[in-house]
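Worksheet: one structure, shown below.
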Amino acid sequence: MNLNKKISILLAAGLYLCLPLNLIAKDKETEKKGAVDDIAVMNYFSRNIAQDTILPFRCDQKLKSGNIESASNQIWNIWKTANAHLKEEKLIPLKKLPEGHKGLWKLPAEKEPNAQMPYYWGYKGKCPEAGYPLFLYLHGSGPKDQEWYTGWRLAQMFEDNPSVYFIPQIPNEGAYYRWWQKAKIYAWERLFRQAMLSDSIDANRFYCFGISEGGYGSQRLASYYADYLAAAGPMAGGEPLINAPVENCMNIGYSMLTGSEDYGFYRNTLTQYTLAAFDSLEQKYPGCYRHRIALIPGRGHGIDYRPTTPWLKDFVRNPQPKSFIWEDFEMDGIYRRGFYNLAVIERAPLKSGERTVYTMQITDNRIDLEVKNVTYKVVETDPQWGIGLKYQKTCQDAKQGKFLVYLSSDLVNLGRKVSVYINGKKAYAGKPQQRLEHLVNSCITFADPERLFPAAVAIDLEKL
């Protein structure tokens with residue numbers, strides 16, 4: 001019996017959910033050819049999709065360079081099948097945005113009690129060959145029914161055809177409900193994962209933007225999820241940069257528009273600080289921090305929202321850049337599993353408020369990584385609420401922590417020796433093995449068809 005037929009039988013019976021990996025009999029012909037063991041991978045994906053904590057897939061099966069593309073396609077197809085059989089609320093079918101097609105996601109009670117997220121899901125224009133660009137729009141903090149409806153009306157007005165819109169309504173209202181809290185993080189990661197599975201969506205054209213409270217939210221999400229985004233566009237917002245490190249936005253487009261007289265919570269002042277940070281980084285890394293940040297003369301909290309999405313839509317994601325900076329910060333206590341081609345295995349015990357920052361540069365087959373621990377010191381505080389407005393950063397070399405540097409033929413020549421230097425010290429030199437487990441683990445880490453990596457180098461900072 002061939003593997004595809006075995007999988008079909010197992011899926012129909014629901015048995016794939018309970019098959020332990022060590023009891024799965026390998027198909028002899030598959031083992032002989034060195035092909036992917038579909039059932040083992042399916043079983044692993046099915047048990048671990050959408051889990052907060054996952055154990056890595058272990059398999060010493062090597063892959064030949066000529067088989068990487070076909071193996072990657074096979075892994076992605078298994079991933080799509082496992083997701084299709086996962087019992088969860090799926091994105092509703094796409095319809096024209098003006099029809100007001102609505103869906104609803106129930107969010108986990110342990111992340112936020114009584115949290116349901118209604119959303120509009122619709123398209124404008126004819127689907128491009130590569131799929132629609134996807135816009136995530138976050139509304140402001142007024143009455144949520146009105147704000148949600150306004151977002152839907154605005155989305156129809158914006159000149160960004162062709163496009164698809166995901167327009168969520170915040171589940172709960174009040175002083176302690178924000179777009180960046182853990183229940184919403186759960187929703188964004190479900191959105192990214194399910195959208196990446198769709199042939200109707202272009203995986204390299206995701207955009208996040210919002211107004212007022214949605215401006216704050218999209219500013220945070222732009223930094224936290226920069227590796228998924230092509231561009232971001234907060235409007236009428238302004239976060240202290242400790243909440244949204246500009247460094248993470250090296251490879252995306254960034255538009256930020258705020259009224260020059262938007263004094264509430266120092267939005268105009270914080271927008272200026274964001275501009276100064278982007279300008280400084282663009283000077284240091286020319287061409288890398290593409291941005292349009294402006295204070296709109298004579299305007300307060302209300303500005304013209306129309307210029308943002310036409311500017312965003314021309315940006316296309318580079319899913320595997322050879323240079324990036326990642327300040328690994330948490331939102332509502334949740335850290336990312338990885339960023340671009342880095343995956344955290346074990347975070348170092350850090351002091352309160354301390355973070356780890358990774359700066360990567362790949363030149364030919366040499367990978368230079370600076371790994372620092374950064375601390376923030378408040379240097380400007382607002383006198384009314386005690387909000388930290390401006391910070392000074394201090395960095396020192398990180399001494400602990402474990403992570404993977406994933407590699408592909410887009411990043412290095414895998415047929416030659418690769419060198420990895422950490423803080424100037426050689427940490428690895430050799431020809432990385434291309435193995436099935438790396439494709440599988442990178443797939444479940446990023447849920448991204450553009451980031452299936454066949455090779456990886458493990459780094460343990462304590463051993464350097």
Which one is nearest to the chain's Cα centre (by Cα), of the residues in the stretch 409-426 that are open to solvent by less than 70 Å² (accessible area, probe 1.4 Å) and in contact (Cβ under 8 Å) with a residue 60 or more places away in the chain?
Leu411
Suppose we filter Asn83, Asn73, Asn43, Asn77 for residues that are under 23 Å from the mean Cα position of the chain (by Cα), among the polar types (S, T, N, Q) and open to solvent by less than 30 Å² (accessible area, probe 1.4 Å); which single one remains?
Asn83
For Tyr149: the one exception among (1) surrounded by 19 or more Cβ atoms within 10 Å (Cβ to Cβ); (2) among the hydroxyl-bearing types (Ser, Thr, Tyr); (3) more than 19 Å from Trp188 (Cα to Cα):
(1)
Can you tell which of Leu104, Leu86, Leu134 is assigned to a loop (DSSP other than H, G, I, E, B) and of a type outside the set (Gly, Ala, Ser)?
Leu86
Being polar (S, T, N, Q) and touching a Ser or Thr at 6+ places or on another chain (Cβ under 7 Å) is the filter; apply it to the stretch 293-340 and report the residue that is surrounded by the fewest Cβ atoms within 10 Å (Cβ to Cβ).
Gln320
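For Tyr207, are the conditions met, namely being buried (at least 23 other Cβ atoms within 10 Å of the Cβ) and over 27 Å from Lys87 (Cα atoms)? Outline the logic, then answer.
Working: buried (at least 23 other Cβ atoms within 10 Å of the Cβ): yes; over 27 Å from Lys87 (Cα atoms): yes.
Judged against the criteria, Tyr207 is a match.
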Result of the Cβ filter at 8 Å on the stretch 381-408, keeping first residues that are in contact (Cβ under 8 Å) with a residue 12 or more places away in the chain and partners that are open to solvent by 80 Å² or more (accessible area, probe 1.4 Å) and assigned to a loop (DSSP other than H, G, I, E, B), at least 6 apart or interchain, is Gln400/Pro349; Gly401/Arg347
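Do you know which of the residues in the stretch 357-390 that are closer than 21 Å to Ile242 by Cβ and outside any strand (DSSP E or B) is least open to solvent (accessible area, probe 1.4 Å)?
Within the stretch 357-390, the first condition is being closer than 21 Å to Ile242 by Cβ, and the residues that meet it are 357-359, 370-390.
The next check asks that each one be outside any strand (DSSP E or B); those that pass are 382-387.
Values: Asp382: 4, Pro383: 123, Gln384: 129, Trp385: 128, Gly386: 52, Ile387: 52 Å².
For the stretch 357-390, the residue satisfying everything is Asp382.
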Examine the stretch 110-117 for a residue that is surrounded by fewer than 20 Cβ atoms within 10 Å (Cβ to Cβ), hydrophobic (A, V, I, L, M, F, W, C), farther than 30 Å from Gly415 by Cα and within 24 Å of the chain's Cα centre (by Cα), and state whether such a residue exists.
no
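Looking for something in a loop (DSSP other than H, G, I, E, B), open to solvent by less than 70 Å² (accessible area, probe 1.4 Å) and under 23 Å from Thr363 (Cβ atoms) - is there at least one such residue anywhere in the stretch 391-399?
Applying the first criterion (in a loop (DSSP other than H, G, I, E, B)) to the stretch 391-399 yields 398-399.
Restricting the remaining residues to those that are open to solvent by less than 70 Å² (accessible area, probe 1.4 Å) gives 398.
Restricting the remaining residues to those that are under 23 Å from Thr363 (Cβ atoms) gives 398.
Yes, the stretch 391-399 contains a residue that is in a loop (DSSP other than H, G, I, E, B), open to solvent by less than 70 Å² (accessible area, probe 1.4 Å) and under 23 Å from Thr363 (Cβ atoms).
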If I filter the stretch 341-353 down to residues being more than 21 Å from the chain's Cα centre (by Cα) and surrounded by 15 or more Cβ atoms within 10 Å (Cβ to Cβ), which single residue comes out as farthest from Leu461 (Cα to Cα)?
Leu350
Against the conditions (1) at pLDDT below 95; (2) closer than 30 Å to Ile201 by Cβ, where does Ser352 fall short? Just the number, please.
(2)
Sort out which residues of the stretch 455-464 are open to solvent by 10 Å² or more (accessible area, probe 1.4 Å) and either among the aromatic types (Phe, Trp, Tyr) or assigned to a strand (DSSP E or B) (or both), and write them in order of number.
Ala456, Ala458, Asp460
Tally of residues being open to solvent by less than 10 Å² (accessible area, probe 1.4 Å), in contact with a Pro (Cβ under 7 Å, 6 or more places away or on another chain) and over 16 Å from Thr308 (Cα atoms) across the stretch 214-272
2
Those residues of the stretch 322-356 that are in contact (Cβ under 8 Å) with a residue 60 or more places away in the chain, outside any loop (DSSP other than H, G, I, E, B) and over 26 Å from Tyr285 (Cβ atoms) come to a total of 2
If you go through the stretch 400-454 one residue at a time, how many are part of a loop (DSSP other than H, G, I, E, B) and among the hydrophobic types (A, V, I, L, M, F, W, C)?
6
Selection count where residues are farther than 14 Å from Leu404 by Cα and among the aromatic types (Phe, Trp, Tyr), scope the stretch 327-341
2
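The values are calculated or read from the model by the stated rules, or taken from the named source; none is laboratory data. Everything numeric here is computed off the predicted structure, so don't read it as measured data. Every residue, glycine among them, receives a Cβ derived from its backbone with ideal geometry; neighbour counts consider all protein chains shown. Just the protein is used for accessible areas: all its heavy atoms, side chains included, with ligands, DNA and RNA removed. Shrake-Rupley method; radii C 1.70, N 1.55, O 1.52, S 1.80 Å.
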